[in-house]
């Protein structure tokens, strides 16, 4: 539970790194990096729990969302779908890493693939809610709510993959974290 609370706090801090985008109601933030780290390090259960805690604390009014905003109105507003997507995305990330444990791919590849699944979930939920709330077409919502963010989110994905694998291995080795995603170490020579 302490790790889930810690990652909820990390996402809250990264949320404050917020830059408005002139063509979109969606700002550039550090949230996705935090979501990637939570799911990649903590796994499906604890990662999604940390994001659920973040969302619940923000929903009751703590200024944890981008731009130091909080309250339920943010969750039902134009950008709320992305926030809901954080919970789902983190779970998907951890599950993909877990399911592919016995596949012939290393920890970095599994983690990056999981983060791609996470990003798709965040983008999908965010785009759907953006289109509904603003009353625009799905393609217009995609153009203003996803396309401007893809390059930076891919850079976050690469950085988070490297960090997640290293930190998770260290936490498992120190017996601070159980191998809930089984074992994410890259296979060595036999």
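Under the shape rule built on the C-alpha gyration tensor, where the axes satisfy a ≥ b ≥ c, the chain is prolate, since a/c reaches at least 1.5 and a/b is greater than b/c.
Taking R0 as 35 Å, what's the FRET efficiency between residue 167 and residue 52 from their Cβ-Cβ distance, rounded to 0.05? Efficiency, from the Cβ-Cβ distance: 0.95.
Region 123-148 and region 63-82 have Cα centres spaced 16 Å apart. With 0.36 nm allotted per residue and the present C-alpha distance subtracted, the residue 152-residue 132 stretch has 4.7 nm of extension available. Structure remark: mean-square fluctuation, Gaussian network model of the chain, C-alpha springs under 10 Å; the largest value among 128, 41, 87 belongs to 128.
Tell me the angle of helix 80-99 to the major Cα principal axis of the chain, expressed in degrees between 0 and 90 and rounded to the nearest ten. The two axes meet at around 20 degrees. The protection proxy used here, the mean number of other Cβ atoms lying within 10 Å of each residue, ranks peptides 51-63, 106-118, 68-80 as follows, highest first: 106-118, 51-63, 68-80. Relative to the longest principal axis of the Cα atoms of the chain, the long axis of helix 2-15 makes an angle of roughly 40 degrees. With 0.36 nm allotted per residue and the present C-alpha distance subtracted, the residue 1-residue 19 stretch has 3.4 nm of extension available.
Once the Cβ-Cβ distance between residue 176 and residue 108 is put in as r, and R0 is 25 Å, what FRET efficiency do you end up with, to the nearest 0.05? Efficiency at R0 = 25 Å is approximately 0.70. What the Cβ-Cβ distance of residue 68 and residue 140 gives, at R0 = 41 Å and to the nearest 0.05, is a FRET efficiency of 0.90.
Computed from Cα atoms, the angle from the helix 31-59 axis to the main principal axis of the chain rounds to 40 degrees.
The numbers here are math on the coordinates, done by the rules we state, and not lab data. Since the structure is predicted, the reported quantities are computational estimates derived from the model, not experimental observations. All Cβ positions, even for glycine, are placed from backbone atoms using ideal geometry, and neighbour counts span all protein chains on display.
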